[in-house]
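Reviewing the structure listed below.
The values are calculated or read from the model by the stated rules, or taken from the named source; none is laboratory data. What you see is a predicted model, and the numbers here were worked out from it, not measured in a lab. Cβ coordinates were reconstructed from backbone atoms using ideal geometry, including for glycine residues, and neighbour counts include every protein chain displayed. Please note that ligands, DNA and RNA were not included when accessible areas were found on the heavy atoms of the full protein model with its side chains. Shrake-Rupley method; radii C 1.70, N 1.55, O 1.52, S 1.80 Å.
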Number of protein chains: 2
Amino acid sequence: MSDLATFLTAALEVADATDGVIRTHVASGFSSRHKADRSFVTDVDLAVEQHVRDEIGRRFPEHGILGEELEDTTSRGDYTWVVDPVDGTMSLTHGIPLYGTLIALLDRGEPVVGVISLPGISARAWAARGAGAWVDGERITLRSVDDDEAIMDEVIAVGERRQFVAVGLEEPFDRLMRSHPGVRVYCDCFGHLLAIRGAAGAMVDYGLRIWDWAPSRVIVEEAGGVFEIVGEREIDGEKRYDVLLGKPPVVEWVKRAMLAEP
Amino acid sequence: MSDLATFLTAALEVADATDGVIRTHVASGFSSRHKADRSFVTDVDLAVEQHVRDEIGRRFPEHGILGEELEDTTSRGDYTWVVDPVDGTMSLTHGIPLYGTLIALLDRGEPVVGVISLPGISARAWAARGAGAWVDGERITLRSVDDDEAIMDEVIAVGERRQFVAVGLEEPFDRLMRSHPGVRVYCDCFGHLLAIRGAAGAMVDYGLRIWDWAPSRVIVEEAGGVFEIVGEREIDGEKRYDVLLGKPPVVEWVKRAMLAEP
């Protein structure tokens, strides 16, 4: 196997295990608390991230690991894994099954392997650079969209308005909401999955950390779609990104609609 | 068995069958087209509604049946079934698995049995008046919410903005979107299911026909929640309803936020 195939296989095996960790916690109950930024963290986040770190560290001790909840492991080479153990913690704590685990491998900063696994609805997408994109075992390719009328029939997935407010960009959010009839808030990895599968024409997600978008980048590009970073800034010493992904003409349309002068 | 228990059992058996009809169509592919009002109708809608009509008509020939797609059957008594074969047709046609079949029985206009079945995510809620509410085989009761701070941590599910635009009420939609950080567009029966399960504190859904809300009414009330019709009008000779459902204090909060003067 090529290195990338080995890394993808490892990532999928780790995701099988983390799906199990999440399902066990959901079945038995778990505790959650607010972090300083008023976001939630749960026992599940911590257990899943520890599990990923143990498994990746055991298999690839020279690789770095960045995760949402625990201490960074520095890379002794080109490869760094980025992990969001539970993307959509608010969904998890509320009993909305649209949360997931995100695992990506960066090669000198560029995502080359990505896995998005949603155990609550038994859905998974993955890709390795140059090897295509897969959803639930089937290779996927995004259909194109012909014209503006067809774009109006698409669903546009967006993150929650509070994410846009947090970066001072609620105006573009509201403008998009007003300008397209099919805008729906499908936050976190579920929105990304919809865009990767072409169920949504695009996903618009602002204020992300790198582990929130790294898997989507390689998966949507391997599916024939586009991924664009349309904004970057530092908040509390941490880099945040505004991203669009999906079918090329829809992403273009959304960008124009959001950036248009009011 | 009491009459209501008989009717509920029948509705659940019919839903088992319609889940199968939908899954078969999704697996094999189906065609869809725009209706005059630009909404979608598919072969799946028609096949499911015909199936429900055949099964209900065979079991209860004296009952009436109203459905979204086919000719009404008049009741020769107190009971009328209302059916939305595919609630969330746009989700179905786009490959978003959050659509479902809605079946309710009205006794002189009042919902007394309700079933909401989402075969795409294998989820189901049901109730019969006086017999409690059930989700996926477990009896459910809505937790209450203590204070305004806790209300801010709830998820508020809303229908798509276009539904509010269609009835000229986009201002209350936009006001709610701005006033609560956890507003998410979870359209159709998935939003209703979230409110019934308490995953969302409330569901806000405007411009509905009776089959869109009849099952939710009996299910959420049997779960200890509230259901309110906050607006009614006729559009093209058809009655449309604006509804709120969920945990009593959250529904109250949402009503105040939407109706507040700007």
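Scanning segment B:173-189 for residues that are more than 9 Å from chain A (Cβ to nearest Cβ) and aliphatic (A, V, I, L, M) yields one hit, B:L176.
Would segment B:228-245 turn up any residue that is farther than 22 Å from B:R124 by Cβ and open to solvent by less than 10 Å² (accessible area, probe 1.4 Å)? Within segment B:228-245 (the criterion being farther than 22 Å from B:R124 by Cβ and open to solvent by less than 10 Å² (accessible area, probe 1.4 Å)), the answer is yes, since at least one residue qualifies. Condition first: part of a strand (DSSP E or B) and closer than 21 Å to B:Y99 by Cβ. Now tell me which residues in segment B:114-132 satisfy that. The answer is B:G114, B:V115, B:I116, B:S117, B:L118, B:A123, B:R124, B:A125, B:W126, B:A127. Does segment B:68-76 include one or more residues that are of a type in the set (D, E), open to solvent by less than 30 Å² (accessible area, probe 1.4 Å) and away from every other protein chain (no Cβ under 12 Å)? No, segment B:68-76 contains no residue that is of a type in the set (D, E), open to solvent by less than 30 Å² (accessible area, probe 1.4 Å) and away from every other protein chain (no Cβ under 12 Å). Against the numbered list (1) part of a helix (DSSP H, G or I); (2) of a type in the set (K, R); (3) farther than 18 Å from A:G120 by Cβ, A:R76 comes up short only at (1). Among the residues of segment B:173-190, write down those that are of a type outside the set (S, T, Y) and assigned to a loop (DSSP other than H, G, I, E, B). Selection gives B:H180, B:P181, B:G182, B:C187. Only residues that are touching an Asp or Glu at 6+ places or on another chain (Cβ under 9 Å) and of a type in the set (D, E, K, R): list them for segment B:105-151, please. Result: B:D107, B:R108, B:R124, B:R129.
Of the set (1) out of contact with any Leu (no Cβ under 8 Å at 6 or more places or on another chain); (2) on the phi > 0 side of the Ramachandran plot, all apply to B:R184 but (2). Of all the listed residues (B:A214, B:A200, B:A195), the sole one being assigned to a loop (DSSP other than H, G, I, E, B) and modelled with pLDDT of 95 or more is B:A200.
Could you tell me whether A:V230 is free of Cβ contacts under 8 Å to residues at least 60 places away in the same chain, within 10 Å of another protein chain (Cβ to nearest Cβ) and either charged (D, E, K, R) or in contact with a Lys or Arg (Cβ under 8 Å, 6 or more places away or on another chain) (or both)? Here the answer is no, as A:V230 does not meet what is asked. Comparison of B:S117, B:S144 shows that the only residue that is open to solvent by 50 Å² or more (accessible area, probe 1.4 Å) and either within 30 Å of A:R124 (Cα to Cα) or of a type outside the set (A, V, I, L, M, F, W, C) (or both) is B:S144.
Figure legend. Inter-residue proximity from segment B:98-124: first residues closer than 11 Å to B:T80 by Cβ, second residues open to solvent by 10 Å² or more (accessible area, probe 1.4 Å) and of a type in the set (D, E, K, R), beta-carbon distance below 7 Å, spacing 6+ or different chains. Indicated pairs: B:D107/B:D78; B:R108/B:D78; B:P111/B:R217; B:V112/B:R129. Across segment B:13-34, the qualifying residues are those that are modelled with pLDDT under 90 and within 15 Å of B:G88 (Cβ to Cβ), and the one among them that is surrounded by the fewest Cβ atoms within 10 Å (Cβ to Cβ) is B:S32.
Taken over segment A:157-172, residues that are in contact (Cβ under 8 Å) with a residue 12 or more places away in the chain and either assigned to a helix (DSSP H, G or I) or more than 10 Å from chain B (Cβ to nearest Cβ) (or both) amount to 8. Of the residues examined, B:L244 is one that is within 15 Å of the chain's Cα centre (by Cα), touching a residue at least 40 places away in the same chain (Cβ under 8 Å) and either within 20 Å of B:V165 (Cβ to Cβ) or not in a helix (DSSP H, G or I) (or both). Residues in segment A:190-211 that are within 10 Å of another protein chain (Cβ to nearest Cβ) and over 12 Å from the mean Cα position of the chain (by Cα): A:R197, A:G198, A:A199, A:A200, A:G201.
No other residue among A:E71, A:E49, A:E62, A:E55 is at pLDDT 90 or above and part of a loop (DSSP other than H, G, I, E, B) apart from A:E62. Among the residues making up segment B:147-156, those that are within 11 Å of chain A (Cβ to nearest Cβ) and open to solvent by less than 20 Å² (accessible area, probe 1.4 Å) are B:E154, B:V155, B:I156.
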